[in-house]
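Okay, structure first, notes after.
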């Protein structure tokens, strides 16, 4: 079976490429970048005069996380965001923007390693690209936050005009989750296509993205079920750090599935005897 052959090759390369160690780096970078990123989102929201959207953006980030993972971290982030200034052109916001890019750079390292590529671009070029990604992510979150705020108003107006649509409330909820999944897939597409060096087509990256989404959803459901009975174990073991450790374990596994998705794509490319050069110059050599 071709899928099994690719999966086994991908897992072997994942282990050889220190995938577990890289996953811990990505998870740590993600948790350290999350606070600065949301501080920057708050500053950006204040700059455009919609400060309340920062809270909605924070809620959106944790909507797909298991409740036991998201709840304690969300409380700490809400406290930080509530006390953060909303001035965009401040030293604090600039530093928050810079430190937010560390998470993007960790993902870049992970994907370059997974695809077997060596970064050839100058460090400041990749860092500027990460700044652009942070801006786009912040703007996208605020736009989604606006839609979340506006959606109930639109729904209430629609119900008032056409009460019969209330029967479709469940379908609307399913559509919301479908939209959230679509946005995650779109983000993964951008990361796989643009972050690592070289060029890849949509057909090169979609198999690994599908594997990542399925594994992540399965893990999120399983981990949420596990925490319902084992959360106290973390409290006894890590005391006040239990919420942080739960988040780290969750992000560690999600990072591993993300890296494995890259390895899966690379294994499929190897099976098709295709190379993904980092630049035209290397290809010419």
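Data for the structure
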{"item": "Test for residue 199: is it closer than 30 Å to residue 259 by Cβ and at pLDDT 90 or above", "result": "no"}
{"item": "Condition check for residue 80: modelled with pLDDT of 70 or more and surrounded by fewer than 17 Cβ atoms within 10 Å (Cβ to Cβ)", "result": "no"}
{"item": "Residue satisfying condition, being surrounded by fewer than 12 Cβ atoms within 10 Å (Cβ to Cβ) and modelled with pLDDT of 75 or more, within set 109, 104, 125, 154", "result": "125"}
{"item": "Members of segment 264-280 that are outside any loop (DSSP other than H, G, I, E, B), farther than 23 Å from residue 25 by Cα and modelled with pLDDT of 80 or more", "result": "268, 269, 270, 271"}
{"item": "Criterion (over 23 Å from residue 33 (Cβ atoms), in a helix (DSSP H, G or I) and either out of contact with any strand residue (DSSP E or B) (no Cβ under 8 Å at 6 or more places or on another chain) or at pLDDT below 90 (or both)) met by exactly one of 261, 222", "result": "222"}
{"item": "Tally, over segment 8-24, of residues that are surrounded by fewer than 17 Cβ atoms within 10 Å (Cβ to Cβ) and outside any loop (DSSP other than H, G, I, E, B)", "result": "8"}
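Yes or no, residue by residue, for (1) surrounded by 21 or more Cβ atoms within 10 Å (Cβ to Cβ); (2) at pLDDT 70 or above:
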residue: 40; (1), (2): yes, yes
residue: 67; (1), (2): no, yes
residue: 90; (1), (2): no, no
residue: 93; (1), (2): yes, no
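The values are calculated or read from the model by the stated rules, or taken from the named source; none is laboratory data. Here the structure is a predicted model, which means the values were calculated and not measured. Counting neighbours? That spans all protein chains shown, and the Cβs are built from the backbone with ideal geometry, glycine included.
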